[in-house]
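Below is one structure, written out as structure tokens, with a few remarks after it.
Just so it is clear, none of the values below were taken in a lab; they were calculated from the coordinates. Everything numeric here is computed off the predicted structure, so don't read it as measured data. Neighbour counts are summed over all protein chains in view; Cβ atoms, including those assigned to glycine, are modelled from backbone coordinates with ideal geometry.
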Amino acid sequence: MDERTPEAEARPRTNARVVSWCLAGVVGMFAFGFALVPLYDVFCEITGINGKTGGRYEAVAAAEADVTRTVQVQFLAQNGPGMPWTFRPVTRSIDVHPGELVTVAFFAQNPTGAAMVGQAVPSLSPSEGTLYFHKTECFCFNQQPLAAGESTEMPLVFIVDRDLPEHITKLTLSYTLYDQSKTATVSDMDRPITTTNENG
Amino acid sequence: MSAVADTHAQDHHHGPAKGFSRWLLTTNHKDIGTMYLIFSFAMFLLGGTMAMVIRAELFQPGLQIVQPEFFNQMTTMHGLIMVFGAVMPAFVGLANWMLPLMIGAPDMALPRMNNWSFWLLPCAFLILVSTLFMEGGAPNFGWTFYAPLSTTYGPPSTTFFIFAVHIMGISSIMGAINVIATILNLRAPGMTLMKMPLFVWTWLITAFLLIAVMPVLAGVVTMMLMDINFGTSFFDASGGGDPVLFQHVFWFFGHPEVYIMILPAFGAVSHIIPAFSRKPLFGYASMVYAVGAIALLSFVVWAHHMFTVGIPIAGQLFFMYATMLIAVPTGVKVFNWVATMFRGALSFEAPMLFAVAFVILFTIGGFSGLMLAIAPADFQYHDTYFVVAHFHYVLVPGAIFGIFASAYFWLPKWTGHMYDETLAQTHFWLSFIGMNLAFFPMHFLGLAGMPRRIPDYALQFADFNMVSSVGAFMFGATQLLFLFIVVKCVRGGKAAAAQPWDGAEGLEWTVPSPAPYHTFATPPEVK
């Protein structure tokens, strides 16, 4: 199926050509499937729609607090599956003015007899507010190692942006703390399948 | 080895090989088409048996027959087997048999790959079905296998499921490449694109859809595989991944997939209705453009499956309107079918009965789809039996009735015998009644709030569930009648003329019945 032969030129669409185009499409779409992963992350970062608050915020200039507005910020803390730590916000709810720099803390304790590493993953609701919630300091930027029995108060410093849409009066920031000490075995395949509906 | 009796071998100079090797090594499009159809019917019975288990358990409230774990395995395997094992291979089988006959080609363009793409399928489903006997059971997370249910919480057999999906994906992709190469390169002289029969058109577009989305499915299961076995975090929130990403990637495959399962049926029905109306198809060009429009739109509507995961309002509106837009080309097709029948000399043999039922019932499924497309209403319907009713209405009287209609329509060409019309009409009416009895009450159950994928339910849903189960048993048992009709037709019956339907048109009716082992060695001239 050499394409330079006159025969092939007379019939430009050989099977080999169709197959190569199709295979190119297949490979391209397989790659596209994986490209969706970073695309999704970028899309969410720009729009904030999955509630994942961004990384460290560098305040360009000390913004003045808008004292005419008050926004209630609530904090939730929960453990991921199999995470034995005690994890709770020290402040459950706080009223802040947009533009104001606020510091709160979360309490974490490792009650087990072994050193462990935790990683908190944030989620903000409503997601529309995600882009207006800036963290200048957060324990979620790093993994948290705790020795056996150790406890700690972890700081969170944030600013609610002055441009927060008017109709948002309440933001809820939820942290889920995941056990990172055993990342090597992400899925425990030996664990029996649990169900809540076993009473036959 | 030579257990297969072969009566045709003596008739033809270049007849098929004898024995099992004929089927193992064949590159003949008719043999491969037959194998695809037999395989898909076997899978249809297997998936149907699982549906019977589901409906038996749901016959009355409480847990009677199976445990919830096994129930979940049944719903999952039923979905996977019906989608990938029954419907898709049936259409590939029809394509293998009919495309070369319709475009005047001697065979498929890539016959060896054709053989390979078929024989991968039994391997894939052997792996998939074997998970039922593994420790921890078969996949139990639904045919949509949402992460993290399928990754963190999946049974150990999930990895086998992933490889099975990989293999069937490769099979589908090779089938699709073969279809494209055949249609683009092997058309008879004079058959321009806009002279192609509609089944050829719909399959060409379906093949492009397959090439576009099966690799995405392969990608998403590969990500699952890596999350499960190699410690990546594509869908694991603790590692920076996002479970919602799974749903986006899955439905980017999943929505075009539902059109993959229906477009070839559109094509087949567009042959059958004109044949039994004794009129040419109304609006051929608009049919082609409508199929193209449906295929293109299918890529931009995926998030209507996931309105409830927290999509911003602008996104919900976009996906809602884009979804509703699909009703326009679909409506064009339905109106064209009705216009074809309008003032036609109608007769209602089995293929026509199935085709007319297809138009009516698929439209009902389309309307419930429109209801589900309304984002605010979908919050109520989501994950209820209304969804189950909707997609069974588009898949059973849509895809499956389309396949039955095609089978009866072309059986005389395949076997050289007429099927038993009385039995076939019985098959139709029992299927029609059984299917409606099974799935129509599900609309009410869903609107009343019965969630899908549960082995037990609240008492107020009992009556409709019992009706639904009775209908399902009726539909299921009726399919054994179909098997009997086909076997009877293969073994004998009234000899079929080359053109057994007086209104049918197309090159496939110019060859004798049964179609000789080799046809169109010299291409016909199309004017």
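So which residues in the stretch B:446-464 are in contact with a Ser or Thr (Cβ under 9 Å, 6 or more places away or on another chain), hydrophobic (A, V, I, L, M, F, W, C), assigned to a loop (DSSP other than H, G, I, E, B) and touching a residue at least 40 places away in the same chain (Cβ under 8 Å)?
Within the stretch B:446-464, B:Met450 is the sole residue that qualifies.
Considering the stretch B:492-510 alone, what residues qualify as being in contact (Cβ under 8 Å) with a residue 24 or more places away in the chain and assigned to a helix (DSSP H, G or I)?
B:Leu507, B:Glu508, B:Trp509 - these are the residues of the stretch B:492-510 that are in contact (Cβ under 8 Å) with a residue 24 or more places away in the chain and assigned to a helix (DSSP H, G or I).
Can you find, within the stretch B:186-219, the residue that is farthest from B:Leu281 (Cα to Cα) among those that are touching a residue at least 24 places away in the same chain (Cβ under 8 Å) and among the polar types (S, T, N, Q)?
Restricting attention to the stretch B:186-219, the residues satisfying the condition of being touching a residue at least 24 places away in the same chain (Cβ under 8 Å) are B:186-191, B:194-219.
Now restrict to residues that are among the polar types (S, T, N, Q): B:202, B:206.
Details: B:Thr202: 15, B:Thr206: 21 Å.
This residue is B:Thr206.
Is one or more of the residues making up the stretch B:245-260 more than 14 Å from chain A (Cβ to nearest Cβ), closer than 30 Å to B:Pro89 by Cβ and either touching a strand residue (DSSP E or B) at 6+ places or on another chain (Cβ under 6 Å) or of a type outside the set (A, V, I, L, M, F, W, C) (or both)?
Among the residues of the stretch B:245-260, at least one is more than 14 Å from chain A (Cβ to nearest Cβ), closer than 30 Å to B:Pro89 by Cβ and either touching a strand residue (DSSP E or B) at 6+ places or on another chain (Cβ under 6 Å) or of a type outside the set (A, V, I, L, M, F, W, C) (or both), which makes the answer yes.
Among residues belonging to the stretch B:115-139 that are in a helix (DSSP H, G or I) and of a type outside the set (A, V, I, L, M, F, W, C), point out the one that is nearest to B:Pro156 (Cα to Cα).
Keep residues of the stretch B:115-139 that are in a helix (DSSP H, G or I), which gives B:115-133.
Now drop any that are not of a type outside the set (A, V, I, L, M, F, W, C), which leaves B:115, B:117, B:122, B:130-131.
On the way: B:Asn115: 32, B:Ser117: 28, B:Pro122: 22, B:Ser130: 13, B:Thr131: 9 Å.
Selected residue: B:Thr131.
For the list (1) within 14 Å of chain A (Cβ to nearest Cβ); (2) touching a residue at least 24 places away in the same chain (Cβ under 8 Å); (3) in a helix (DSSP H, G or I), I need the number of the one condition that B:Phe266 fails.
(1)
Any residue in the stretch B:140-156 that is within 11 Å of another protein chain (Cβ to nearest Cβ), buried (at least 23 other Cβ atoms within 10 Å of the Cβ), more than 21 Å from the chain's Cα centre (by Cα) and assigned to a helix (DSSP H, G or I)?
no
Suppose we filter B:His390, B:His382 for residues that are touching a residue at least 24 places away in the same chain (Cβ under 8 Å), surrounded by 23 or more Cβ atoms within 10 Å (Cβ to Cβ) and more than 16 Å from B:Val269 (Cβ to Cβ); which single one remains? Give the steps one after another, and end with the answer.
Working: B:His382 fails: surrounded by 23 or more Cβ atoms within 10 Å (Cβ to Cβ).
Going through B:His390, B:His382 in turn, the sole match is B:His390.
Among the helices (runs of 4 or more DSSP H) confined wholly to the stretch B:10-114, which include 2 or more residues that are over 30 Å from B:Pro451 (Cα atoms) and of a type in the set (Asp, Glu)? Before you say what the answer is, go through the steps one by one.
Details: elements: B:20-25, B:29-57, B:68-80, B:88-103.
No helices (runs of 4 or more DSSP H) qualify here.
For residues in the stretch B:305-328 being away from every other protein chain (no Cβ under 14 Å) and in contact with a Gly (Cβ under 9 Å, 6 or more places away or on another chain), which is surrounded by the most Cβ atoms within 10 Å (Cβ to Cβ)?
Ranking the candidates gives B:Thr323 first.
For the stretch B:165-190, how many residues are of a type outside the set (Val, Ile, Thr), farther than 18 Å from B:Leu204 by Cβ and crowded, with 24+ Cβ neighbours inside 10 Å?
Residues that pass the stated criteria total 3.
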